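Below is one structure, written out as structure tokens; comments come after it.
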Amino acid sequence: MSNTNPEIEAHMDALASICCDVLTGAETDVGERPDQLLKSLLMSGYVWKKNGSFQSDLESRVKAKCMDRAMHRGGALSSLSSKLSTKFSDLARRESLTPNNDSPPKAANISAATDA
């Protein structure tokens, strides 16, 4: 992909490998490793670098990596990529939120809050 960096490529390839493992039966569940990869992917700038959808990019990588299994288990691949896409979108949304500034600033320690 011309508009990505090596980190993004590595993270997407790792996610595709995890999906292939699940589709081939080597893994029964994706576990927590994708969460770390999704966070790293976001921090690597995937949202700003990519114009297409995360789900379609992931599915095309999985199909390239384990074509036979991905083609025969299209429904499972769609379900898995949809879950990961939702997690990625939620993470991106959470990371973009600013903290609520309704409360006034508080003293950092007790001596700053008193005349002691």
**OP:** In whole Å, largest first, what are the principal axis extents of the Cα atoms in segment 6-95?
**Re:** 34, 24, 21
Original post:
Roughly what would the spin-label model give for residue 94 and residue 68, points 7 Å off Cα along C-beta, in nm?
Top reply: 3.9 nm
**OP:** Could you line up 61, 73, 93 from fewest to most neighbouring Cβ atoms inside 10 Å?
**Re:** 93, 73, 61
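Where a number appears in this text, it was derived from the coordinates with a stated rule and is not lab data. Please read all numbers here as calculations on a predicted model, not as lab measurements. Cβ: placed from backbone, ideal geometry, glycine included. Neighbour counts: every protein chain shown.
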